[in-house]
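Reading through the structure tokens given below for one structure.
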Amino acid sequence: MERGRARRPGERAFAVVAVIFAIVASWQAYGISGFSGLSTPGFFPMLAAGVMTVSALSVLWSTLRLPDVEEGKGRTLGGFLREVLPIRLRVMVLMVIVYMLALPWMGFVLSSSLFLFAGIQVLWRKRILITCGLTVATMAIVYGVFQVVFQVVLPQGILLRGLF
Amino acid sequence: MAESFVSLTASWFDPWLLFLTAAGTFAGIYVGAIPGLSVTMATSILISFTFKWDVTPALALIGGVFMGGVYGGSRTAILLNIPGAPSAIATALEGYPMAKRGEAGEAIGLTTVMSVFGGYVGILALALFAPAISSFAIMFNSRDYLLLGLIGILLVGSLSGESFAKGVFAGALGVLIGMVGLDPMTAEGRFTFGSISLMGGIPYVAAMIGFFGVAEAFIQLHSLDMPVVKQRIDRIIPRLSDLRRYFWLAVRSSGIGTIIGALPGAGGDIAALLAYDYAKRTTKNPERPFGEGAKEGLIAPEAANNAAVGGAYIPMLTLGIPGDAVTAVIIGALFIHGLKPGPLMLVETPHLFWFTVGNLALANLFLLIFGLTGIRIFTKIIECPKAILIPLIIILSVVGTYAIQNNPVDIYWMLLFGVVGYFMKVYGFEVGPIILGVILGPMMDSNYRRAMMGARNDIGIFAWDFVSHPISLVLTVFLLTLLLSRTPLWGVFMRWVGASRGRGAKG
């Protein structure tokens, strides 16, 4: 099924990382109880890690046999970033990380509103008022459904404790 | 007899129970449809605020959510190519290509009718064969569960993704994620690296939301500039000719679904995949090839996963063994209400058994009503620009993950899985097998060890057990065929068969 297509940017590196991860996992699984018995806690993890190593090697082998990445399409780091990690994605991941770090501090309502506003603004680039309206409307629905209907406990935050 | 009938129709005539069943089914459809919101999660949350209620209203609401949720996953699978629930993975393979051709309405209509049909087959089986099926399922022992788990993961791994090796890798990764934490048998730490928070294990809902919700949102960023796909919803009520044509396939798929659902540990997900595989193998001349919108591949998994609901109740109510994750939660609900699901439940509280049967039948009727009517409103969500949808998916994923145990650490796990899942998707790995591995891994581990201890840690006896018991033998042969057919060994095997018969083999 895979024959004929060119390798994707960074695919070889990913296959190598997968093999390394599988080997480390096997080593860790061996560390649980070694080969001391057939029904020890470590046996099944060792089996799974072993299967993972074999399949990772097989993936690496078939990846290496694929034709190289097309010229000008991610042979360099810049190309890899452009093809696999476009700027939009990097910004989004960064925003998610900031959002998650801010969550325990600001609470769910404030941090989610800010994240939603920033997210829509970055991805859509409409007028700020439209984005504001969308954010408020969406948050009202989300808050209503989860807090009132499902009664999920939402993170409160230290900053506005008791307010939302 | 008269008492059973009264219990059977209890929720049909009591306005409050009727309302709760309808509300549960309606909510279930949306919970099932929204990726990251799982039926398991919804039922666990429902239990937390229905435990003060009487047992029948609680069961009515939860039953409705279960029924609606199993079906709801198909909606997003068809319209967005994101299975709202693992049981809809196979549905996405055929439903999305249909939607892309502008046949979303037809796909949803057909799915709804076949889901309801499958649901009734499952409920009928629950009512008629509960004792017989449970006495069959009770004969399964540890090694059979181990085999079923392996078959489940390998099926998911081989059905999707670029190559079998990638599917196996993903499945094994999932098993390892499921192993993290204290070993349930010896309380020894596994992959905990001395961290206390890892001892409790990695919550599988965080993994599920990360791999299916966040990773998908990241992938969607690539296609942000593409014009929003306006799914044309023209025809919802399926053609009578289609219903007639696929009737027997629906019957057979529902049968598969009921039986798989009745097997402890295997629920709608495996039922759907097995039925899809069955349809793919047995359909000689599909109108369209599989993978490009074959209706057979849409009908089989959907009939099967809803049939599995009725099936899953069988071992739960008669043996006290959950058929899948949701029924495991429902068992917890029954315990909270002071009931003991098990062989004695049918004897001591037969009215609850008949109530459940009647209530599921009612929920299934509501499924038909809501399934065929709410589609146009539902598709408005799809027409919503991705720029709003993506941040919203991330927020919903955060709420969902946080709701499991109110622990912010789970959210970090979810993000990590989201990023890993993104790379895996980019490089052609499917994330479905990971989730199956996470869920089935611990089950397979404990069953493997029980089977090995049963064989007195003798590898010879252990291996012999796999071929000397009829049920195990059937499963072993199935597993080996599956393995062989997906590896280069198949060619060698077929040549050998061909040579030994003295004529060319097909494969």
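For the reader, a short list of remarks on this structure follows.
- Taking a ≥ b ≥ c as the square roots of the eigenvalues of the Cα gyration tensor, chain A is classed as oblate, since a/c reaches at least 1.5 and a/b does not exceed b/c.
- Ordering of B:430-442, B:63-75 by packing [mean C-beta count within 10 Å, highest first]: B:63-75, B:430-442
- Across segment A:1-93, the mean sequence separation of Cα contacts (distance under 8 Å, 6 or more residues apart), normalised by length, yields a relative contact order of 38 percent.
- Inter-chain shielding of A:28-41 (mean C-beta neighbours from other protein chains, 10 Å cut-off): 5
- Filtered GluC sites (Glu not before Pro), segment A:68-138: DSSP coil and at most 10 other beta carbons within 10 Å: A:Glu71
- For segment B:246-312, the set of GluC sites (Glu not before Pro) satisfying both a DSSP loop assignment and a count of at most 13 other C-beta atoms within 10 Å is given as B:Glu287.
- Whether segment A:87-149 is rounded, prolate or oblate, judged on the alpha carbon gyration tensor where a/c under 1.5 counts as rounded: oblate
- The relative contact order of chain A comes to 21 percent, based on Cα pairs under 8 Å that sit 6 or more residues apart.
- Sulfur and carbon atoms: percent of accessible area, chain A [1.4 Å]: 71 percent
- Rounded to the nearest 10 square angstrom, B:Trp490 shows an accessible area of 70 square angstrom against a 1.4 Å probe.
- Restriction of the trypsin sites (Lys or Arg not before Pro) in segment A:22-103 to DSSP coil positions whose beta-carbon has at most 16 other beta-carbons within 10 angstrom yields A:Arg65, A:Lys73, A:Arg75.
The values are calculated or read from the model by the stated rules, or taken from the named source; none is laboratory data. Being a predicted model, the structure only gives us computed values, none of them experimental. Ideal geometry is used to build each Cβ from the backbone, glycine not excepted, and the neighbour counts take in all protein chains shown. Only protein heavy atoms, including side chains, enter the accessible area calculation; ligands, DNA and RNA are left aside. Shrake-Rupley method; radii C 1.70, N 1.55, O 1.52, S 1.80 Å.
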